[in-house]
1. So the check is Cβ under 9 Å with 6+ separation or different chains; which pairs have a first residue in the range 50-72 that's over 16 Å from Arg38 (Cβ atoms) and polar (S, T, N, Q) and a second one that's open to solvent by 20 Å² or more (accessible area, probe 1.4 Å) and in a strand (DSSP E or B)?
2. Would you tally the residues in the range 8-32 being within 15 Å of Leu63 (Cβ to Cβ) and either basic (Lys, Arg) or in contact with a Gly (Cβ under 8 Å, 6 or more places away or on another chain) (or both)?
Amino acid sequence: MKLVNIGFGNMINADRVIAVVSPESAPIKRVVREAEDRSMLINATYGRRTRAVVVMDSEHVILSAIQPDTISGRLAAEEEVQ
């Protein structure tokens with residue numbers, strides 16, 4: 001299990017990430033709203049603006065305050081280490 005920092009000391013399992021996307025589009029906003037309704041939303045922004053939405057294979061949706069490019073770069077770095 002490889003953990004990736006998504007900001008403010010919060011870590012996620014890199015092996016279970018399906019997508020890292022920007023929260024700006026209507027379909028992603030709908031995904032976030034539906035995850036909140038199902039109690040599958042994890043808000044890791046610490047009150048800051050949501051800049052990335054991470055979709056996990058467990059159907060959890062995680063909000064992060066760091067850029068999607070940063071998270072994807074960290075995920076790519078984890079894959080190189082393996």
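1. Thr50/Asn43; Ser64/Asn10; Ser64/Val20; Ser72/Val20
2. Counting residues in the range 8-32 that are within 15 Å of Leu63 (Cβ to Cβ) and either basic (Lys, Arg) or in contact with a Gly (Cβ under 8 Å, 6 or more places away or on another chain) (or both) gives 2.
The values are calculated or read from the model by the stated rules, or taken from the named source; none is laboratory data. Since we're looking at a predicted model, the values are computed, not measured. Counting neighbours? That spans all protein chains shown, and the Cβs are built from the backbone with ideal geometry, glycine included. Areas reflect the complete protein model, heavy atoms only, side chains present, ligands, DNA and RNA absent. Shrake-Rupley method; radii C 1.70, N 1.55, O 1.52, S 1.80 Å.
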